[in-house]
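Taking it in order: structure first as C-alpha cells, then the write-up.
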Amino acid sequence: MNLQTTNYQLSSLPYQLSSLEPFISEKLLTLHYQKHHQSYVDNANKLLEQLAAARQAGEAVNYRDTYQALTFNVGGVVLHDLFWNSMSPAEEDHALDVSFKEALEQEFGSIDRFKDEFTQTALAVQGSAWVVLALCKQTKRLMLMQVKDHSLYVYPGCELLMALDMWEHAFYLDYQTDKKGYVERFWSYVNWNGIGERFEKVSAKEAQG
Ligand SMILES: [Fe+2]
C-alpha cells in the first residue's frame, strides 16, 4: 500500500497574532510562531530531503546526528501545534467540559490542585523544557510530564492533551525573568473547551481498545 505522504507544514494559528494580548504580545507571538516554529518545520523538511537524497544515492548519512536533529525538530513542530491549540482568546472556550473536569478531579483531587501541580512543574523547569498534560495509554491515567527540549521519548505511549512552552523564547521578551507571571497569566487563556474535546476523543479511542 502506498501512503499519501506530505512534508511538515506550519499549521495556521487558531487566532490572530495579537489575540493573546496582554498575556503574549503580538511581537512575541509573531517571533515565536513565524521564526521559531517555522524553523522547526523547515529543518525537519530539510532533514527528510537529505535522507531521501542519501537513500536514492545509496549513501550513508551521520545517523546519530541526523536522527537526533530530526527528532528534535519534529518534536518542536508537534509541541508548538499543541501549545497554540492549548490557548484561546475567546471567553466561551474557557469553560471546563464536565467529563474532563471529573477526570482531572479523579487524578489530581481538585482542579486547583491540578493547576498548582502544573504551575509548580513549569516553574521547576531547568533549561529548555515543556510541561505537558497527557493521557497514558497503559494506565489510562492523566499525568503531567516535563519534556526536556522537544524530546518526546514517551510520546508513543501517551496521548498529549495540553502543553505550555517554558523555553525562554516563549516568554523572555514580555516577562524577562518573571516566569511566575507568565505561568499565572496562562491560566486565563487556557482553551479548556478544545482540550476537553481532545480528551473526549482520545479517551473514546482508548475505551474501544
Ligand atoms: Fe517555543
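What's the number of the only condition in (1) over 21 Å from SER39 (Cα atoms); (2) within 16 Å of the ligand (Cβ to nearest atom) that TRP84 fails to meet? Evaluating TRP84 over (1) over 21 Å from SER39 (Cα atoms); (2) within 16 Å of the ligand (Cβ to nearest atom) leaves (1) as the failure.
The one condition from (1) at pLDDT 95 or above; (2) surrounded by 14 or more Cβ atoms within 10 Å (Cβ to Cβ) that SER110 does not meet is (2). All conditions but one from (1) within 16 Å of the ligand (Cβ to nearest atom); (2) in a loop (DSSP other than H, G, I, E, B); (3) more than 20 Å from ALA129 (Cα to Cα) apply to PHE23; the one that does not is (3). Identify, from the list ASN43, ASN7, ASN2, the residue that is over 25 Å from the mean Cα position of the chain (by Cα) and either surrounded by 15 or more Cβ atoms within 10 Å (Cβ to Cβ) or outside any helix (DSSP H, G or I) (or both). Result of the check over ASN43, ASN7, ASN2: ASN2.
The values are calculated or read from the model by the stated rules, or taken from the named source; none is laboratory data. Values in this document were obtained by computation on a predicted structure and should not be read as measured data. We place every Cβ from the backbone using ideal geometry, glycine too, and count neighbours over all the protein chains shown.
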